[in-house]
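Here is the structure we will look at, set down as structure tokens.
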Ligand SMILES: Cc1ncc(COP(=O)(O)O)c(C=O)c1O
């Protein structure tokens, strides 16, 4: 089978919601992927922050296969050992009290919205339900998470959207202007990934936490993209020294299988009771067995390594002529260039380097285990493409 055959079949039968690059991958190892024509690529995208230990990772595969050999699924009417183990691991590593498992980032955020609204209604009545999010944010593709997303381009065609979302400027004044007696929660991404790897100002994040505490507004950190070691911290909020009430994550947590987690802290810990929320596949034992392996390996040594590699990568990028600005944290990097980002991505792919775009920027989200040799390869290609 060749790549062209797969691409033609996909174009004929799969809904055209993705502007795909003309490549189909057959196999790979670690940071290297190979297409059906045998061409090799260095991966600086990780399937959009998912394959944090690269592809075809032996340890993660073994954990998944052990569980596959036992039982692949039971309903959530029964207990499974991997789900309980993953819940414990996440709570121990973050200080969360309870975790709800779904299948994606959008579902984790839906869960956070429900948890915040129930918390608010129980204490303050049904009128206090408004969720504030930030301009430039991205929270998912379901109707509620699209309504939460603070970018107009995602709001065409699909309305009417659920009510109760307000998008505010990422500034203390902006936040104070938006908060009313109806405000129930503030949802932020510490680093806005989809809108261009925009790192939120630490002073703003700290002030937002304080305002939320004072007014008993639920602070939700969306760590779908920033989470699970990506920034050189287990979760990016930890770099800001804040304690949120709810943290959502997905992507890298499953190492390549679908999972979403909504971690409930302190006052939100026991907000849900039986029947409040659910999911057929959420917390599937095979996926959770893989996720336990992933989370178990994200230790301080690896996180330090991510921070060091991120600094090395960013320092190299800043030297490239044509690079106007480099933003990010750890191995979540945005590059502002004079040349259009999509053109850069296409030319990099032709030369065997996979990079992403985020709005007008080039975005790099390599596997956390990327080696120096592969970073140097990426820097060389990016230099060639951006400065040309
Ligand atoms: C910050 C953030 N939140 C939510 C989502 C939605 O996640 P999913 O595609 O798994 O539903 C994404 C996806 O890119 C994201 O980056």
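The values are calculated or read from the model by the stated rules, or taken from the named source; none is laboratory data. This one's a predicted model, so the numbers in the text were calculated from it and none came from an experiment. Every residue, glycine as well, gets a Cβ built from its backbone with ideal geometry; the counts of neighbours run over all protein chains shown.
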**OP:** Would you confirm whether any residue within the stretch 317-332 is touching a helix residue (DSSP H, G or I) at 6+ places or on another chain (Cβ under 8 Å), at pLDDT 95 or above and part of a helix (DSSP H, G or I)?
**Re:** yes
**OP:** Kindly provide the set of residues from the stretch 148-168 that are away from the ligand (no atom under 13 Å from the Cβ) and part of a helix (DSSP H, G or I), ordered by number.
**Re:** 152, 153
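Condition check ((1) in a strand (DSSP E or B); (2) within 11 Å of the ligand (Cβ to nearest atom)) across all residues:
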position: 221; (1), (2): yes, yes
position: 224; (1), (2): no, yes
position: 234; (1), (2): no, no
position: 244; (1), (2): no, no
position: 247; (1), (2): yes, no
position: 253; (1), (2): no, yes
Original post:
Do we find a residue being modelled with pLDDT of 95 or more and within 16 Å of the ligand (Cβ to nearest atom) anywhere in the stretch 201-208?
Top reply: yes
**OP:** Give just the number: which of (1) within 16 Å of the ligand (Cβ to nearest atom); (2) within 26 Å of residue 360 (Cβ to Cβ) does residue 131 not satisfy?
**Re:** (2)
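Against the definition (within 19 Å of residue 131 (Cβ to Cβ), in contact (Cβ under 8 Å) with a residue 12 or more places away in the chain, within 16 Å of the ligand (Cβ to nearest atom) and outside any loop (DSSP other than H, G, I, E, B)), how does residue 185 come out, yes or no?
So residue 185 fits the description; yes.
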**OP:** Kindly indicate whether any position in the stretch 379-387 is in contact with a strand residue (DSSP E or B) (Cβ under 9 Å, 6 or more places away or on another chain), at pLDDT 95 or above, closer than 30 Å to residue 112 by Cβ and not assigned by TED's automatic domain parsing to the domain that holds residue 236.
**Re:** no
Original post:
What is the residue count in the stretch 191-200 for residues that are more than 10 Å from the ligand (Cβ to nearest atom) and crowded, with 24+ Cβ neighbours inside 10 Å?
Top reply: 1
**OP:** Could you please find all residues in the stretch 255-277 being within 10 Å of the ligand (Cβ to nearest atom) and either buried (at least 24 other Cβ atoms within 10 Å of the Cβ) or modelled with pLDDT under 95 (or both)?
**Re:** 259, 260
Original post:
Which of the following residues is surrounded by fewer than 19 Cβ atoms within 10 Å (Cβ to Cβ) and more than 17 Å from residue 133 (Cβ to Cβ): 177, 214?
Top reply: 214
Original post:
Is it true that some residue in the stretch 69-78 is in contact with a helix residue (DSSP H, G or I) (Cβ under 7 Å, 6 or more places away or on another chain), under 28 Å from residue 195 (Cα atoms) and at pLDDT 95 or above?
Top reply: no
**OP:** Hey, can you tell me all the residues within the stretch 275-307 that are in contact with a strand residue (DSSP E or B) (Cβ under 6 Å, 6 or more places away or on another chain), assigned to a helix (DSSP H, G or I) and closer than 21 Å to residue 77 by Cα?
**Re:** 287
